[in-house]
Every structure is written in structure tokens, then in C-alpha cells.
1. Under 1.5 on a/c is rounded, so check that first for region B:200-253, then, if it is not, pick prolate when a/b is larger than b/c and oblate when it is not; a ≥ b ≥ c are the square roots of the alpha carbon gyration tensor eigenvalues.
2. Using the basic label-point model (7 angstrom from Cα toward the beta carbon), what is the residue B:127 to residue A:218 distance in nanometres?
3. Mind checking Rg over Rh on region B:3-75, alpha carbons, Kirkwood formula for Rh?
4. Please get the size of the charge dipole for region B:92-187, origin at its Cα centre, with Cβ charges of +1 on Lys and Arg and -1 on Asp and Glu, quoted in debye to the nearest 20.
5. Once you've got the GNM for chain B with C-alpha springs shorter than 10 Å, pick whichever of B:237, B:105, B:22 has the biggest mean-square fluctuation.
6. Taking residue B:37 in one copy and the same position in all the others, each labelled 7 Å out along Cα→Cβ, what are the pairwise distances from the first, in nm, shortest first?
7. Straight-line reach from residue B:65: which aspartates and glutamates have Cα under 17 Å away, leaving out those fewer than 8 places along the same chain?
8. Using the Cα centre of the protein assembly as shown as origin and beta-carbon charges of +1 (Lys, Arg) and -1 (Asp, Glu), tell me which of A:83, B:70, A:244 is placed farthest towards the positive end of the dipole.
Protein chains: 2
Amino acid sequence: MTQSNSNPRLFVEAGLAQGMELNLAPSQAHYLSHVMRLAMGDGVCLFNGRDGEWSGVIETPGKKKCSVTVEDQVRAQVDEPGPWLAFAPLKKACTDFIVEKATELGASRLSPVFTRNTNSARVNIERMRANAIEASEQCRRLTIPEITGRVTLEELTNGWPKDRRLFVLDESGAGQPIAGALGALRSGSNGLSQDCGFLTGPEGGFGADELDALGKLDFVIGLDLGPRILRAETAALTAMACWQAVIGSDRRP
Amino acid sequence: MTQSNSNPRLFVEAGLAQGMELNLAPSQAHYLSHVMRLAMGDGVCLFNGRDGEWSGVIETPGKKKCSVTVEDQVRAQVDEPGPWLAFAPLKKACTDFIVEKATELGASRLSPVFTRNTNSARVNIERMRANAIEASEQCRRLTIPEITGRVTLEELTNGWPKDRRLFVLDESGAGQPIAGALGALRSGSNGLSQDCGFLTGPEGGFGADELDALGKLDFVIGLDLGPRILRAETAALTAMACWQAVIGSDRRP
């Protein structure tokens, strides 16, 4: 472990290059000064999703304004081609949970999808993005998952790339066991890339006609998650955890 | 789906047999009368972890007292031999989360384990048990996971059955990939039974000497959960989700 692993990690929008000076956002200044109680000369880590990870040193700590000098690149940028996760928004704590855990487990895109039985009429995209950034900072990702705007189920499938498998978590029990389906995707035996996505429904499940329509799409495979009835957020995270174990475990930053 | 699948499911302590009349606990009476607004003649499902699942009919609904007549057995009792999960308690919401999700994903025993870096000095065993019961009711389990008292790491390993694999979630990256390790357990190639358990550490991780001591035990295998740093509760859920997918997915009640 290098020293930088224990320093606070911050996502920034700006480009990163040796010697440049950055003014952090007020919320980051507050976090470093008041929560972490860092002082001039203390180290931080910086990443922006494009230029890898850099060490930095605090120049002027302050409550509202904090500047950092960028020092050395400590990790080169790599692609993080994780799965896409489309999910029917749940109540706030459960949506927060899905965003945080899916980010930790490697999702590269998160899309709130409105299905017939979706209870939440609204979803806070800015809150989703803030939670994804915080989780990315903590879990040492080099990218932030893309948060798309809200879509309907039809918009999601109409816009879905035909060469990307879409695994639908089907609580009816009619789907394939997840371990086998992901193993086949990994081995490439079906001629597809390993790119994939997952779709999880609302508390009330998908409508029968929604499942019928999904089942007619060539890129859709229904997945079965086992003998018990899982809560919607548990199902989403189970899919992500299995993806991480079967396909995503090869890459260590 | 039989009609009983949409009726409220309740865990009871009493034995269950056709024609008997049961007085429910006050909290259950409140739930049926005030939350679910059920009336005389409405149906419920009952299970006790020993006698399978039974349909029942409400005889006298009431705020504090509610009696039910047991009608027919709708599912026979089966063993639910899921893994044991031993985890360092986290702050309350995260411990609640682990208990709920591990129950949904099939854990048969939950043990709060105190390691050197465990922050929580206390753990509420009764709260853990209540959360495990509620999750069991919702996910259609026929058993409630056993909640053991708190143990130290040494007590846990001293009392661990030598023929039960203990997978330690090792954030150092030195462990085996989880998919392969669980696949080997499933195939029985190592001569062990499929019985296993998982151990997850606190936010600060295991101490180096704790990992050393664990590594000397024949029944311990360290597991690696992938390239990102997972929160402690995410690691616990990931292990349970992978167990469910690789070993536990064969059985459907």
C-alpha cells in the first residue's frame, strides 16, 4: 500500500496534470477542513474519470475555499467497462442503497426506469449522481458511473444496443439461473461481447405484458435469482455481486 | 400462484396443526388489524420453522388480541441449510441491512463477532432477531436464521466445526476469487460438505495478526471479492449473493 491509499480521495471535474493548482468545490473544502481536519501540506488523491489518479497537496486549507497542487500520477487511467443497471426507483433509502452498492460493484451506467407498477413518481438524478461520486471516491474507482435521465421501459429497450445482453431479473422463476447465464457470457460461447446490463423491477414486479414484451427481444434473457422472494434492491445487488464475481473479478486497479 | 401467496405471512412460536386456534402476539394483531386492515374470515399464512407453512383464517380480529384458526398445510417443512454468516457489527443501519439481506439470501445462522477493530461495543441481539423474522416472513423462508450471542473472533474459530469451510473475506487481495472457491465447494472436489460460512470484518479491516491466525486454520480459506474496496456490508452481501447463485440456487420452495 502506498501512502496515498489512506489519503482522502476526491473526484474533480477539471483536467489533472503535474504542477497545476486546483480550487476544490466548497463541499470538498468543508470536508477536508472540518470533517477530516487536514492542514496545509497534507496529502489528497484526485481523479476525474479521464486522467488517472494523482497525488495532491493542500496549499490553502479553508472552510469555503481550498486549493490543492497536483503532484504525481499514481495510477494510469483504465477503462472500467462494468454492466449497466436499469432499475425501477424505490423509496429514497432503497434507491440510495442501489446507487451506492452498484457503484462499489462496478456498474458503469445507472438508469432509473419507470414501469407500470413503479411507485415512485419522481427520482432525484442529482442525488443519484452525488451518491455515485461518493461511493466511487471510497471504493477507489477511476470513473464515476454515468447517471442517465429517467426513461420508460419502452424507451430503455428501444435505445438498447442490440449487441449488449440485457438480463431481466424475473421474479416469476421462469428465467435462467444467474451463475450459468453469466458464465456463458464470460466464455463468449454465444458470440456476444461481455458487455451486459441488468434490469430490475419495482416492488410490485413487472406486469405480465411487460415481461411478454421483454421476452420477445433478442438481446433479453430472463434471470432467476433463486428460491426466495427477494426485495427489489436485494435483487439488483445480487445481480451486480454475481457479475463482479463471474466476469468483473479479473481486473484489479 | 396459490391464493395464500398474497396473504400476510407470520412466524409463530407455537406448534401448527389442522384445526387448532392460535392467539397471535400483540404486535402481529396490530399489524393485521391496523396495517393490513384484515377482518374476520381473511386469510393468513403461518410458519414456525418446524411444521411447514399453513393457511389460517382470522377468527377474532382486534387491536391487541387476534386469534387465528389453522386450516391446511400448504408447504411441507424442508431443511434450509444455508451458510453461516459471522460479521463484525457495524453502525445500526448497516447491521440491520446485513441481517435483512443475509436472511433473504439464505443464511441459516448469524453471529456478531467482535474483532480488534470493531467499532460497535454493543449489538442488539433482539433487534437482529426481529429483523431476521420480518425478512423471513417476506421472502417465504420456512425457517428463521439462528441468531447467536456475540462472540470474539477466537471464540468463533475455537467453536467452528472442522468439516465446515469458513471463507474469510480478505480485503488485502490475497484470497482466492470467490466464484472459483464456491464452485470447488459445490463440486465437492475437496472432500468437504457444501456446508460453509463466511466471516466479514469491521470497517477498519482485520488486524494483520488476526489474518495470520485465521490463515493457520485448516478450515479457513481467504476470499478475494474483486478490484474495488467494498464497504463491510457490501462485502457480506456479495458473499451471500454469490453463495446463493453458485450453491443455493437449486432449491425452490
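Every number in this text was worked out from the coordinates using simple rules, so none of it is lab data. Model, not experiment: these values are computed from the prediction. We place every Cβ from the backbone using ideal geometry, glycine too, and count neighbours over all the protein chains shown.
1. Working: a/c = 2.77, a/b = 1.56, b/c = 1.77.
Since a/c reaches 1.5 but b/c is at least a/b, the shape of region B:200-253 is classed as oblate.
2. 5.3 nm
3. Values: Rg = 10.8 Å, Rh = 11.8 Å.
Here Rg/Rh amounts to 0.92.
4. On the way: 14 positive and 12 negative charges, 24 e Å.
Around 120 debye, computed over region B:92-187.
5. B:22
6. 5.3
7. List returned: B:13, B:21, B:42.
8. B:70
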